[in-house]
Amino acid sequence: MMLIAAGWISILLLLGGVALNHTLTGLLTRNFDDQLGYMLTGMIGSAEIGPDGEVFFIRPLVDQRFLEPNSGLYWQVRAAGHEDVPSRSLWDRSLDVPAGDYDTQLHTYNSKQFPGEPLRVMERAVVLPGSDAKWMFTVAASRTELDAQIKPVRAILIYSFVALGVGLLLMAGMQTWYGLFPLRHVRRAIQAMRTTGSARLDAPLPKEVEPLVHELNMLMAHTDRQAEEARTHAGNLAHALKTPLTVLNNAASAQAPDLAETVLREGAAMRRHVDHHLARARAVGRRAAGLSRTPVWSSVEAVLRAVERLYEETRFDLDGNHDVSVALEKQDLEEILGNLIENAAKYGGGSVFVTVDAVPGSSLCEIWIEDDGMGIPEAERHRIFDRGARLDTGKPGTGLGLAIVRDVVRIYDGDAELDESEDLGGLLVKLKLPRAAQ
């Protein structure tokens, strides 16, 4: 910030200084030229042609410097075929005038024809009455006086702009230091939080950084929540594996005759628990990676094609919004839909109806999955989402499908409810998922 401020201040001051120097120098030069112009006009107004065809002045020029040799103020009149008429101040020198056809326009320029004495020259060709020749009237003045006026003006400009630049840089530095001072408060607060073990920034901080502090607290709360979820999952998995491992250890120690059967049974139980917690861990990791966007309709169609191969005699119907998207990873959405649609086909009576965005305008996208089976009694609906809970033990299954559905949906801040289907008479699963941002 300081380098950028210093660069812009230097550029702007340099441009401003050059422009102001050009303006003031131009004003002084024009004033100097005006004085030369008055002298040139006086010369032309006083000039006449004598009987010998030469120019002469009917009244003397008033400036005494024209009479003093090498005074720094000179005049000269020249014409082709005539002798030059110089001022006494030129002494043994003459002013160089371009040869050829003289221009009647007024010309003003700088000249270095006299060594060590730069000149400001003004000239104009005039045809005087009584003469056919063009007479070049020239007035020249040493630039010493003009440069003596310009030099202090430039010095004042340089000193003023240097002081202004230093002042602006100091002000920019103070502004930068003061403007970033709230971040130093945040740094100290974070350092104190790290040393004290606090989970959020509660110290009073400037209003300028309150949005930053709020987002930082939200991030830390999110990180703590993920860490707590990880600890909970690890504890649940350890607790779930503890009992099967104990059974296996006891059976092996006692050399039970049904050891092989016990290993297979308890191994299957441990595998179910591992699969369940792995599914949760994958969902948490994908949710933390960023906000996802998955079209619902194409995912439902993909799941229906897969389930139709397993349940060829079941009729599947799909209706609803083709364009809605949800803030879930595609793999998680298809895993949720696969569990619910497969359960509907497995325990239904032969018909499954899926409605996408069943309640348009809701803050959540609702996906209804209905079947024409026996349904679930209302008293049993609250526990059907528990791990290992099964109402129909006559059909194969682990009892983890709905538990995985509930856990993954809640990870994405959604919900799953059970109800009775009014159209088919069986179970209605209302899956509520967060809509993706437009």
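The values are calculated or read from the model by the stated rules, or taken from the named source; none is laboratory data. This is a predicted model, so every value here is computed, not measured. Cβ: placed from backbone, ideal geometry, glycine included. Neighbour counts: every protein chain shown.
Structural remarks
- Within the range 334-355, residues that are at positive phi have Cβ atoms under 9 Å from residues that are of a type outside the set (Lys, Arg) and crowded, with 23+ Cβ neighbours inside 10 Å in these pairs: Gly350/Asp371, counting only partners at least 6 apart in sequence or on another chain.
- Of residues in the range 27-60 being in contact with a Phe, Trp or Tyr (Cβ under 8 Å, 6 or more places away or on another chain), in a helix (DSSP H, G or I) and hydrophobic (A, V, I, L, M, F, W, C), the one farthest from Met136 (Cα to Cα): Met39
- Filtering the range 192-199 for residues that are surrounded by fewer than 11 Cβ atoms within 10 Å (Cβ to Cβ) and polar (S, T, N, Q) leaves a non-empty set.
- Test: residue in the range 390-402 that is at pLDDT 80 or above and either of a type outside the set (S, T, N, Q) or not assigned by TED's automatic domain parsing to the domain that holds Ile341 (or both): no
- Residue within the range 333-340 that is at pLDDT 85 or above, crowded, with 20+ Cβ neighbours inside 10 Å and closer than 19 Å to Gly425 by Cβ present: yes
- With a requirement of 1 or more residues that are polar (S, T, N, Q), the strands (runs of 3 or more DSSP E) lying completely within the range 92-203 that satisfy it span 107-114, 134-142.
- Complete set of residues in the range 72-105 that are in contact (Cβ under 8 Å) with a residue 60 or more places away in the chain and surrounded by fewer than 20 Cβ atoms within 10 Å (Cβ to Cβ): Gly72
- Answer from Leu15, Leu67 - the residue that is under 20 Å from Phe161 (Cβ atoms) and surrounded by fewer than 16 Cβ atoms within 10 Å (Cβ to Cβ): Leu15
- The residue pairs whose first member lies in the range 124-135 and is assigned by TED's automatic domain parsing to the domain that holds Met43 and without any contact (Cβ under 8 Å) to a residue 40 or more places away in the chain, whose second member is in a loop (DSSP other than H, G, I, E, B) and surrounded by 16 or more Cβ atoms within 10 Å (Cβ to Cβ), and whose beta carbons are closer than 6 Å, counting only pairs six or more residues apart or on different chains, are Ala125/Tyr102.
- Test: Ala379 is of a type in the set (A, V, I, L, M) and at pLDDT 70 or above: yes
- Only a single item in (1) acidic (Asp, Glu); (2) modelled with pLDDT of 90 or more; (3) farther than 19 Å from Phe66 by Cα is not met by Glu123, and it is number (3).
- Picking from residues in the range 87-120 that are out of contact with any Ser or Thr (no Cβ under 6 Å at 6 or more places or on another chain) and among the small types (Gly, Ala, Ser), the one that is modelled with the lowest pLDDT is Gly100.
- When we screen Thr104, Thr138 for residues that are among the β-branched types (Val, Ile, Thr) and either outside the structural domain of Thr41 (by TED's automatic domain parsing) or touching an Asp or Glu at 6+ places or on another chain (Cβ under 8 Å) (or both), the only hit is Thr138.
- Residue match in the range 173-182 (condition: over 14 Å from Ala5 (Cβ atoms), surrounded by 14 or more Cβ atoms within 10 Å (Cβ to Cβ) and not basic (Lys, Arg)): yes
- Residues that are more than 30 Å from Tyr178 (Cα to Cα) and touching a residue at least 40 places away in the same chain (Cβ under 8 Å) within the range 1-34 comprise Leu20, Asn21, Leu24, Thr25, Leu28, Thr29, Phe32, Asp33, listed in sequence order.
- The residues on offer are Val162, Val166, and the sole one that is without any contact (Cβ under 8 Å) to a residue 12 or more places away in the chain, surrounded by 12 or more Cβ atoms within 10 Å (Cβ to Cβ) and more than 26 Å from the chain's Cα centre (by Cα) is Val162.
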